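Here, each number is a calculation from the coordinates, and none is a lab measurement. If you're wondering where the values come from, they're calculated on a predicted model, not measured in any experiment. With ideal geometry, Cβ positions are generated from the backbone for all residues, glycine too; neighbour counts draw on all protein chains shown.
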Amino acid sequence: MSSIERKQTGPLMSKIVINNGTVYLSGIVPTPEAEGKDITTQTQSVLEQIEALLKEAGTDKSRLLTAQIWLSDIENDFAAMNAIWGEWLDPNGVPTRATVEAKLARPTVNVEIQVTATL
């Protein structure tokens, strides 16, 4: 049986879980400085955090397997979020993806992204 490694663990969740060569990240929202700003700024904030967490786990965005994206206003924010997402992706590591509209944790949060990657 393989061991499960957890990083940045708090009382309710871990930001990173590694098991059997797979890296699972929790849903990532914009930093407090980016919250309440436009979707471009919020998406950039989320992707910068994801990149740092993947690095901490020993992998990078070229090893993405899946992504789930939640937007608070898909009609108005999808195109801008998608543009930033497309610029950020490694063209050799494009994951499967689902994007949906959802009411997020706080009204100032307009995007949340969760990814899974391989080591």
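A few notes on this one:
- Between helix 39-57 and the chain: long-axis angle, C-alpha atoms, 0 to 90°, nearest 10: 10 degrees
- Among the GluC sites (Glu not before Pro) within region 1-35, those in coil by DSSP and having at most 11 neighbouring Cβ atoms inside 10 Å are Glu33.
- 0 to 90° range, to nearest 10: angle between helix 74-88 axis and the chain longest Cα axis: 50 degrees
- Those trypsin sites (Lys or Arg not before Pro) in region 4-101 that DSSP places in a loop and that have at most 16 other beta carbons within 10 Å: Lys37
- Farthest positive-ward along region 27-118 dipole, Cα basis, beta-carbon charges - from Ile69, Val109, Gln42: Ile69
- Each residue, Asn92 and Thr22, gets one label point 7 Å from its Cα in the Cβ direction; the gap between the two is 2.4 nm.
- Quotient of the Cα radius of gyration of the chain and 2.2 N^0.38 Å, N being its number of residues: 1.04.
- Estimated dipole of the chain in Debye, rounded to 20 [Cβ of Lys and Arg +1, of Asp and Glu -1, Cα centre]: 480 debye
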